[in-house]
1. Go through the stretch A:357-388 and count every residue that is in a loop (DSSP other than H, G, I, E, B) and at pLDDT 95 or above.
2. What number of residues in the stretch B:213-250 are within 20 Å of the chain's Cα centre (by Cα), closer than 19 Å to B:E363 by Cβ and among the β-branched types (V, I, T)?
3. Restricting to the stretch B:181-205, name every residue that is within 22 Å of A:F197 (Cβ to Cβ), crowded, with 18+ Cβ neighbours inside 10 Å and either in contact (Cβ under 8 Å) with a residue 60 or more places away in the chain or out of contact with any Gly (no Cβ under 9 Å at 6 or more places or on another chain) (or both).
4. I'd like to know if the stretch B:126-141 contains one or more residues that are open to solvent by less than 10 Å² (accessible area, probe 1.4 Å) and farther than 27 Å from A:W51 by Cβ.
5. For the stretch B:325-350, name all the residues that are within 23 Å of B:D251 (Cβ to Cβ), open to solvent by less than 10 Å² (accessible area, probe 1.4 Å), part of a strand (DSSP E or B) and not polar (S, T, N, Q).
6. Is it the case, given these coordinates, that B:T120 is away from chain A (no Cβ under 14 Å) and open to solvent by less than 10 Å² (accessible area, probe 1.4 Å)?
7. Would the stretch A:1-22 turn up any residue that is within 24 Å of B:V215 (Cβ to Cβ) and either in a helix (DSSP H, G or I) or of a type in the set (S, T, Y) (or both)?
8. Could you list, in sequence order, the residues of the stretch B:162-179 that are surrounded by fewer than 23 Cβ atoms within 10 Å (Cβ to Cβ), away from chain A (no Cβ under 14 Å) and not hydroxyl-bearing (S, T, Y)?
Protein chains: 2
Amino acid sequence: MPSDPPVFPEAEFRARIDRLQCAMAAEDIDALLLTMPADIFYVSGFLTRFWESPARPWFVVVPVCGAPKAVIPSIGAAQMGQSWIADIRTWPAPDPTDDGITLLAEAIAEMVPARGTFATPMGLETHIRMPLRDLHRMIDRLAPRRLVDGTAAVQRVREIKSEAEIDKLRSICTITGMAFAELAGQSLQDRPLAAVFAEFQALLLRAGADWVSYVAGAAGPDGYADVIAPAGAAPLAPGDVLMLDAGAVKDGYFSDFDRNFFLGPPKDGVRHVQEALWQATEDALRELRPGMRACDAHRVLAEGLRRWGVRPCAGRLGHGLGITLTEWPSFTPLDTTVLRENMVLTLEPSAHVTEATFLVHEENIVLRADGPELLSPRAPRHGFLVGA
Amino acid sequence: MPSDPPVFPEAEFRARIDRLQCAMAAEDIDALLLTMPADIFYVSGFLTRFWESPARPWFVVVPVCGAPKAVIPSIGAAQMGQSWIADIRTWPAPDPTDDGITLLAEAIAEMVPARGTFATPMGLETHIRMPLRDLHRMIDRLAPRRLVDGTAAVQRVREIKSEAEIDKLRSICTITGMAFAELAGQSLQDRPLAAVFAEFQALLLRAGADWVSYVAGAAGPDGYADVIAPAGAAPLAPGDVLMLDAGAVKDGYFSDFDRNFFLGPPKDGVRHVQEALWQATEDALRELRPGMRACDAHRVLAEGLRRWGVRPCAGRLGHGLGITLTEWPSFTPLDTTVLRENMVLTLEPSAHVTEATFLVHEENIVLRADGPELLSPRAPRHGFLVGA
């Protein structure tokens, strides 16, 4: 069976490595150790659902000068061999006596002088995907080389999307929009929420998603109180507002936006919050510019909601998007990350209907020099009216 | 909207905590810090797809005596509030100034005396799902308390499934079997592999899976060389053998088995390997017993294959299964983990057809005192003959 062309041409990956290496040079980092699926996909194009198995660690090391090396379980050799990375070292994982640590330490030692530093992301929104015991062994093995924090080097690079990446994100947002529109053509009344979740996932796949990594949602006559719970068996009822949130994937890139479906005309309070969310999103679509900070985006959305007399929820009101369901920054009052051109972001205002319930509304954008460009098809102002 | 009953009654979770606490007491561990989705689900029943977002860490701490505490982002308060855990502490994550570390250190300090130890899994098949920088801050905050390895305490408990867990696993295996049988009724010839993947995922959802965390597969006239790559656009052709592997989820429990579909009569070499895989699985179904080790299971399968004159692949030939797609142990020559009653395992023999290609065959079992009980419907001896 002939293999498909890679998701991106080699030049895309070389440009990413160049930018990473500039960031590393500026921070005196000799090599960058990547262990998380998104970081490894970002530099190599290695795309697989096999990450779902926690059995094996995978490593890519990027030197400040020169080509990256992959140190991976042999089960991934064929797939990584399709990538642009030439230096691939494998071991028969899982190996309880040495699960790649000798190989990995050798690869890093080749890149980092004895008094040098190697880095891995250690900050907010990161973790190291390898056993802690093996991390400590590797650090001991590589001493006196020092392990330092590589979060900024990775995040300042990954957060700016290339046009090729933006095309991928636009594509999955379009697919997701098609699935929402299909669902809006169906009657939802009396269907259990769990059945609607299953149907929506099938619609996303039929519309062209490779897989569906995230679907969440909830329903109620006054909005909803919990938007991360699995779907239950209770049927949807007239007067409910149903929120569905999709994280669908195509070529490794995620959509992340939601839609509200109204089973018949909503209560006045619900209608009013829907209007406020839609209008606050309009404000942000008009006002966001590169140079503003994440906390400024929060302010724009929160003030927009307050102008309509509704109370914003306490959580973040948007975030980055790309090769994971959510990326930094977070639209909160505490996040001072500068918004830059070609960041892909979600606008996700939420506001209370009652003390216990709320509505949420989400769009995906790319921030251009002159403001946001929508990647998701703009939500209908009054939501989807279905099954009335 | 009324919430569904929890996946398990409180007694199930109390029994799990009791077993963990016995293991902790035996190892002089005062508290166990859990950060991975599966471990947190195991002790709390907290089930969500929200783990897909890497933005926030989540913590549950189990003391050697007394009730567990959850230290989680406030977005999870409603969902965790449905669980049996009473002590829930929340913070508005993500918080770049203190992402739960003060709260977490306080919770651990309440459980662990100043000269005591707290543990987290650090061994094979684990990682710590929190920023490394925050882990170091927490360790400093809690000194002179010592952080030790909690891998064995968690794995020796989780690997033995309760009858309630086995029922869940049987249920998702049945659902997965239904989807395979549905697909076997379709013509596959000339369909692109990517379209077959999408169709199969939709069939799994329609059969009752909550979501599909893993689908992989590959096809070719001599078997396949890479079973973890995403599906491509190439159409299936007469003479191909197509392997599909499913990791579907119901109530948080995974299936993990594959099936081979033959698009018309296979080549003799392919047919012979299929027979060998099926027969080696029969051997293991007859011979595995509690008290054998993982390496013994590898030997049974590998010898079974060699008796049929085929060469086993180098990787593992089976593994644990439960609340992640794969769990320990691994059927390799190096894994000496003892197989015990009520372990749920996959039998996954694979063997070469040519130097570059192979076939793989997989079933899911629970190991009983008198041998394996199948959870997956037994594969047809000659695979599924389709679209011929």
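1. Of the residues in the stretch A:357-388, the ones in a loop (DSSP other than H, G, I, E, B) are A:357, A:361-362, A:369-370, A:375-383, A:387-388.
Those left that are additionally at pLDDT 95 or above: A:357, A:361-362, A:369-370, A:375-383.
Residues that pass the stated criteria total 14.
2. 3
3. Initial filter on the stretch B:181-205 (within 22 Å of A:F197 (Cβ to Cβ)): B:182-183, B:197-205.
Add one more test, that the residue is crowded, with 18+ Cβ neighbours inside 10 Å, and what stays is B:183, B:197-205.
Matches in the stretch B:181-205: B:L183, B:E199, B:Q201, B:A202, B:L203, B:L204, B:L205.
4. no
5. B:E327, B:M343, B:V344, B:L345
6. Details: away from chain A (no Cβ under 14 Å): no; open to solvent by less than 10 Å² (accessible area, probe 1.4 Å): yes.
The answer is no for B:T120.
7. To start, the set of residues in the stretch A:1-22 that are within 24 Å of B:V215 (Cβ to Cβ) comprises A:1-8.
Filter once more, so that each one left must be either in a helix (DSSP H, G or I) or of a type in the set (S, T, Y) (or both): A:3.
The answer is yes, given that some residue of the stretch A:1-22 is within 24 Å of B:V215 (Cβ to Cβ) and either in a helix (DSSP H, G or I) or of a type in the set (S, T, Y) (or both).
8. B:E163, B:A164, B:I166, B:D167, B:R170, B:G177
The values are calculated or read from the model by the stated rules, or taken from the named source; none is laboratory data. This structure is a prediction, so every number in the text was calculated from the model and none was measured. Methodologically, a virtual Cβ is constructed for each residue, glycine included, from the backbone with ideal geometry; neighbour enumeration extends over all protein chains shown. Heads up: the accessible areas ignore ligands, DNA and RNA and are worked out on the full protein's heavy atoms, side chains in. Shrake-Rupley method; radii C 1.70, N 1.55, O 1.52, S 1.80 Å.
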